[in-house]
Amino acid sequence: MSHTSDTHDQPLSSGIGRRRFLNSAAVLGAAGVGLVACKEDRTAGGGAASAAGGKAASGADAARGNVGGAGSVDIKPGQLDTHYGIWSSGHTGDVRVLGIPSGRELLRIPCFVPDALIGWGITNESKAVMGTNPDGSLKYHVGDTHHVHGSYKDGVYDGKYVWINDKINARLARIRLDYMVCDKITKLPNVQGFHGIFPDKRDPVDPKINYTTRVFCGQEFHVPLPNNGKNTNDPKQYHCLFTCVDSNSMKVKWQARIDGNCDLVATSYDGKLAATNQYNTENGVHYQEMMAAERDACLFFHIERIEAAVKAGKTTTLGDSKVPVVDCTVDANKDPKTALCVRVSVPKNPHGVNASPDGKYFICSGKLSPTCTVIELQKVLDWFDGKLASPDKAIVAEPEVGLGPLHTTFDGRGNAYTTLFLDSQICKWNIDKAIKKYAGDKTINPIVDKIDVMYQPGHISATHGETRAADGVWMAVGNKFSKDRFLPVGPMHPENDQLLDITGDKMILAHDNAVRPEPHDFILFKRDVLHTKQVYDINEFPLATKDPKDTGLKREGHKVTVRMTSQAPTYNPAEFNVKVGDELTIILTNIDKVEDLTHGFAIPEYNIQFLVNPGETKSVTFKIDKPGVFWYYCTNFCHALHLEMRGRMLVEG
Ligand SMILES: [Cu+2]
């Protein structure tokens with residue numbers, strides 16, 4: 001057995017290996033023995049692949065894979081989940097990572113709001129991502145995450161990124177899935193109520209680019225544009241912007257000015273179309289006006305034409321923003337041959353719009369209508385080519401599914417699953433049968449199954465359901481009310497995320513999971529999609545101190561920099577001197593390379609706390625405003641001598 005300090009992509013699965021791994025993380029770091037588990041102890045265990053992974057898989061684990069039934073949600077002690085779930089967590093403002101099918105919460109990834117655990121919003125690096133005022137304070141302390149979607153290659157998840165929106169402050173965050181951290185946040189200009197998002201699945205212009213290059217963002221609250229305090233009582237001046245963000249640079253590419261609002265967003269598998277549901281085609285500013293029309297719309301954008309218009313300079317700008325804005329209002333887009341967008345009508349106040357995994361249809365959920373509207377994408381493209389008499393001819397089915405349809409997911413076997421908010425049910429229905437019925441055969445019943453859920457379901461997502469690889473194994477549903485399902489905890493109830501086995505004809509309710517309010521959307525995929533890294537590459541950090549001999553204090557007037565390393569159970573330096581009035585920057589590199597050997601760094605009275613993972617560097621900058629001895633110490637249990645891991649900041653009186 002050769003001891004090695006390198007890291008690995010796969011979860012540990014051997015009992016012996018894991019025990020040794022725990023010991024090495026908790027004790028051996030100090031000796032600088034960079035020991036982790038012996039390589040031989042580590043075997044891959046990846047979802048259905050675990051059965052083929054050799055000694056990693058127990059019989060039960062293999063049975064729980066994806067073949068021949070979703071299996072049990074009962075993950076035995078020491079066993080790993082077969083799927084990841086990435087959850088948006090609503091107005092707690094972060095992203096959660098769950099193990100599926102157990103529902104165990106594994107991680108929270110902060111993005112829009114400060115996080116006390118890892119020091120998000122305290123370190124210089126996280127502040128730079130979040131955005132600050134000129135005085136260095138955070139611009140925003142609140143966020144409202146709604147929709148989370150992953151990056152694609154060839155119509156399936158590539159495991160690189162997820163994106164998530166902040167509805168309150170119109171921000172789009174990107175999360176790197178290798179380290180599971182937020183690395184960029186983009187503020188959308190002139191947008192209020194940023195709600196739906198969806199990455200494209202391939203390039204709309206270059207057919208050779210078969211991966212995500214853009215993220216589309218919908219604005220739900222229409223405002224006078226520009227929103228400068230004029231025209232506040234003239235609804236004709238109110239518009240929304242549909243925004244395209246470059247998924248690589250995270251810069252805003254263009255915006256489209258539209259009538260009415262944007263609700264959820266979807267993209268086609270061929271990259272050509274993006275769409276948003278609209279529930280306020282009336283352009284009303286009061287509740288009653290928004291309810292007036294019997295049919296609203298799904299608004300389709302022809303991305304290639306929009307980008308050609310941007311290139312040709314057929315754009316305007318708004319206020320201080322330099323982002324080019326194209327005109328996608330209804331009156332400016334009547335001619336199919338030149339139109340940048342088109343509305344297909346859907347009944348009253350629709351909500352979700354979801355792309356079927358075969359790439360053929362968008363399905364709009366009716367909300368106030370008990371129907372889903374199936375729109376054939378080729379027919380929408382035909383309209384743009386002048387080959388379809390009216391855009392509504394792209395509607396190929398409108399099945400009645402039940403009361404309050406909100407969102408739809410898919411099993412890859414031709415079935416759709418729609419949440420019914422008012423009925424507290426999920427309706428499973430067959431898309432082809434719905435199309436045949438709409439075409440005239442009234443004897444056909446497209447409804448396959450209905451099941452009660454507890455209670456008032458919103459988002460729904462099946463494993464790989466928004467990819468070409470929809471596998472119809474598990475399906476999660478986010479219920480907005482849990483009512484009597486859990487022990488009472490005062491007035492604030494948890495919500496109830498339920499898991500269903502959808503491998504058979506009948507849906508089977510498998511698991512209740514109490515969750516802190518309030519998750520919205522989520523995606524579920526097999527664990528072998530992800531290859532996360534457990535130890536940072538120290539070279540990712542320009543400020544890293546790679547050698548303890550490079551640590552120490554440097555003073556330039558009142559600006560003081562302390563370069564520090566952590567190596568269990570010590571900091572280097574273990575003390576330093578500063579003066580009242582100094583602006584102190586501490587740059588801390590965790591040079592421990594042992595997996596799970598995360599250190600904390602806190603300074604009493606100075607509001608400093610953050611974590612450094614193995615190989616990671618973080619920095620904080622703050623004013624020294626009080627004299628005394630201040631013990632900085634490790635907050636994250638790291639070693640048998642963890643409590644001794646501390647040092648002194650000496651501030652002269
Ligand atoms: Cu420590």
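Which residue is nearest to L588 (Cα to Cα), if the candidates are limited to region 630-653 and must be assigned to a loop (DSSP other than H, G, I, E, B) and within 36 Å of the chain's Cα centre (by Cα)?
Within region 630-653, the first condition is being assigned to a loop (DSSP other than H, G, I, E, B), and the residues that meet it are 634-641, 645, 653.
With the extra rule that they be within 36 Å of the chain's Cα centre (by Cα), the set shrinks to 634-639, 645.
On the way: C634: 12, T635: 14, N636: 15, F637: 17, C638: 16, H639: 18, M645: 14 Å.
Looking at residues that are assigned to a loop (DSSP other than H, G, I, E, B) and within 36 Å of the chain's Cα centre (by Cα), I get C634.
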- Query: Is it true that M649 is under 28 Å from V580 (Cα atoms), within 15 Å of the ligand (Cβ to nearest atom) and at pLDDT 95 or above?
  - Reply: no
- Message: Consider region 165-192. How many of its residues are outside any loop (DSSP other than H, G, I, E, B) and more than 15 Å from T212 (Cα to Cα)?
- Response: 12
- Item | Scope region 609-645; condition of a type in the set (F, W, Y) and either within 14 Å of the ligand (Cβ to nearest atom) or within 13 Å of A568 (Cβ to Cβ) (or both); matching residues | F610, W631, Y632, Y633, F637
- Item | Looking only at region 193-223, and only at residues there that are part of a loop (DSSP other than H, G, I, E, B) and hydrophobic (A, V, I, L, M, F, W, C), the one that is nearest to K253 (Cα to Cα) | V205
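Residue-wise test of (1) closer than 25 Å to G193 by Cβ; (2) surrounded by fewer than 18 Cβ atoms within 10 Å (Cβ to Cβ).
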| residue | (1), (2) |
| --- | --- |
| D135 | no, yes |
| K139 | yes, yes |
| G143 | yes, no |
| G150 | yes, no |
| K153 | no, yes |
| K160 | no, no |
| I164 | yes, no |
| K167 | yes, no |
| R171 | yes, no |
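I'd like the full set of residues that are in a loop (DSSP other than H, G, I, E, B) and either more than 11 Å from V374 (Cβ to Cβ) or of a type in the set (K, R) (or both), limited to region 427-448. Step through it out loud before you land on a result.
First, pick out the residues of region 427-448 that are in a loop (DSSP other than H, G, I, E, B): 439-446.
Scanning region 427-448 gives A439, G440, D441, K442, T443, I444, N445.
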- Item | Index of the failed condition, P199 passing every other in (1) surrounded by fewer than 24 Cβ atoms within 10 Å (Cβ to Cβ); (2) out of contact with any Gly (no Cβ under 9 Å at 6 or more places or on another chain); (3) modelled with pLDDT of 95 or more | (2)
- Write out, first by first residue and then by second, each pair whose Cβ atoms fall under 7 Å of each other, whose residues are 6+ apart or on separate chains, and whose first residue, in region 549-574, is without any contact (Cβ under 8 Å) to a residue 12 or more places away in the chain and over 15 Å from W631 (Cα atoms) while the second is assigned to a strand (DSSP E or B) and more than 15 Å from the ligand (Cβ to nearest atom). K554/T561
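Can you name the residue in region 97-113 that is of a type outside the set (V, I, T) and out of contact with any strand residue (DSSP E or B) (no Cβ under 6 Å at 6 or more places or on another chain) and is also surrounded by the most Cβ atoms within 10 Å (Cβ to Cβ) among such residues?
In this case the residue turns out to be S102.
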- Note on the structure: Scanning region 283-297 residue by residue, those more than 20 Å from T329 (Cα to Cα) and outside any loop (DSSP other than H, G, I, E, B) turn out to be Y287, Q288
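Which residues, counting only those in region 115-124, are out of contact with any strand residue (DSSP E or B) (no Cβ under 6 Å at 6 or more places or on another chain) and either surrounded by 19 or more Cβ atoms within 10 Å (Cβ to Cβ) or among the basic types (K, R) (or both)? Spell out the reasoning first.
We begin by selecting, within region 115-124, every residue out of contact with any strand residue (DSSP E or B) (no Cβ under 6 Å at 6 or more places or on another chain); these are 115-117.
Once the filter is applied, which keeps residues that are out of contact with any strand residue (DSSP E or B) (no Cβ under 6 Å at 6 or more places or on another chain) and either surrounded by 19 or more Cβ atoms within 10 Å (Cβ to Cβ) or among the basic types (K, R) (or both), region 115-124 yields only D115.
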- Note on the structure: Among (1) closer than 18 Å to L340 by Cα; (2) surrounded by fewer than 21 Cβ atoms within 10 Å (Cβ to Cβ), G284 falls short only on (1)
- Item | Residues that are farther than 21 Å from K480 by Cβ, over 24 Å from the mean Cα position of the chain (by Cα) and not polar (S, T, N, Q), drawn from region 409-435 | R413, G414, W429, I431, D432, K433, A434, I435
- Look through region 585-608, keep the residues that are touching a residue at least 60 places away in the same chain (Cβ under 8 Å) and within 19 Å of L138 (Cβ to Cβ), and return whichever of them is nearest to the ligand (Cβ to nearest atom). I608
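Considering only region 567-584, state which residues are among the polar types (S, T, N, Q) and within 12 Å of the ligand (Cβ to nearest atom).
Once the filter is applied, which keeps residues that are among the polar types (S, T, N, Q) and within 12 Å of the ligand (Cβ to nearest atom), region 567-584 yields Q567, T570.
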- Note on the structure: When region 314-349 is checked residue by residue, the ones that are assigned to a loop (DSSP other than H, G, I, E, B) and in contact with a Phe, Trp or Tyr (Cβ under 6 Å, 6 or more places away or on another chain) are P324, P336, N349
- Message: Taking the criterion of being over 30 Å from D423 (Cβ atoms), without any contact (Cβ under 8 Å) to a residue 24 or more places away in the chain and in contact with a helix residue (DSSP H, G or I) (Cβ under 8 Å, 6 or more places away or on another chain), would at least one residue in region 364-385 satisfy it?
- Response: yes
- Return the pairs, sorted by first residue and then second, in which the second residue is surrounded by 15 or more Cβ atoms within 10 Å (Cβ to Cβ), the first residue lies in region 224-240 and is assigned to a helix (DSSP H, G or I), the beta carbons are less than 8 Å apart, and the residues are 6+ apart or on different chains. P235/N283; P235/G284; P235/V285; K236/N283; Q237/P224; Q237/L225; Q237/N231
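The values are calculated or read from the model by the stated rules, or taken from the named source; none is laboratory data. Note that the coordinates shown come from a computational prediction; the quantities given were computed from them, not determined experimentally. Heads up, the Cβs are rebuilt from the backbone with ideal geometry, glycines too, and the neighbour counts pull from every protein chain shown.
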